[in-house]
Amino acid sequence: MASRSRIAVVEDNADNRLLVRAILQANYDLLEYESGAEALAAIPAAKPDLILLDISLPKMDGGQVLQKLRQDESLSAVPVIALTAHAMVGDREKYMQLGFDDYISKPITDVEAFRGTIERHLRRPQKPGS
Ligand code: MN
């Protein structure tokens, strides 16, 4: 039996974590973090296959957390998908420029599209080391 992919969820809102867990826990092993500091302390050792990162976090926002994650070469190939409640025209470009691999807007209403985005990034070939 193939091992399950491990997904880190960095999200301060308990209801949002509950929703993500409800959608994903049947198919993935989830690692949940409530703050950027908690995530940055644990993720380098946890080595998840993919990271879902809330943009709106207290103290250190998702963009700042991403910059720190990207400084760790061992995590450079791990896809990081932004989660944001403030979807506006142009946001995709903004988050891509920040270095996110993709972008999912909350509330998550299209569960299949959410799963599809995650699967697409889990299956993609690894980026060449840079
Ligand atoms: Mn938040």
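The values are calculated or read from the model by the stated rules, or taken from the named source; none is laboratory data. Quick caveat, the model's predicted, so the values are computed rather than measured. Positions of Cβ are backbone-derived with ideal geometry, glycine not excepted, and every protein chain shown enters the neighbour counts. All accessible areas refer to the heavy atoms of the entire protein, side chains included, with ligands and DNA or RNA removed. Shrake-Rupley method; radii C 1.70, N 1.55, O 1.52, S 1.80 Å.
Of all residue pairs spaced 6 or more apart or on separate chains, those with beta-carbon atoms under 9 Å, a first member in the stretch 64-91 that is in contact (Cβ under 8 Å) with a residue 60 or more places away in the chain and a second member that is assigned to a loop (DSSP other than H, G, I, E, B) and of a type in the set (Lys, Arg) are Leu83/Lys106. For the stretch 1-36, a residue qualifies if it is outside any loop (DSSP other than H, G, I, E, B), within 14 Å of the ligand (Cβ to nearest atom) and over 14 Å from the mean Cα position of the chain (by Cα), and the qualifying residues are Ala14, Asp15, Leu18, Leu19. Selection within the stretch 75-94: residues that are touching a helix residue (DSSP H, G or I) at 6+ places or on another chain (Cβ under 8 Å) and open to solvent by less than 10 Å² (accessible area, probe 1.4 Å). The member of this set that is farthest from the ligand (Cβ to nearest atom) is Leu75. Of all residues in the stretch 57-74, which are more than 11 Å from the ligand (Cβ to nearest atom), under 13 Å from Val10 (Cβ atoms), open to solvent by 40 Å² or more (accessible area, probe 1.4 Å) and under 16 Å from the mean Cα position of the chain (by Cα)? Matches in the stretch 57-74: Met60, Gln64, Lys68.
Can you confirm whether Ile51 is in contact with a helix residue (DSSP H, G or I) (Cβ under 9 Å, 6 or more places away or on another chain), open to solvent by less than 40 Å² (accessible area, probe 1.4 Å) and away from the ligand (no atom under 16 Å from the Cβ)? The answer is no for Ile51. No other residue among Glu38, Glu34, Glu93, Glu11 is of a type in the set (D, E, K, R), within 20 Å of His121 (Cβ to Cβ) and at pLDDT 95 or above apart from Glu11.
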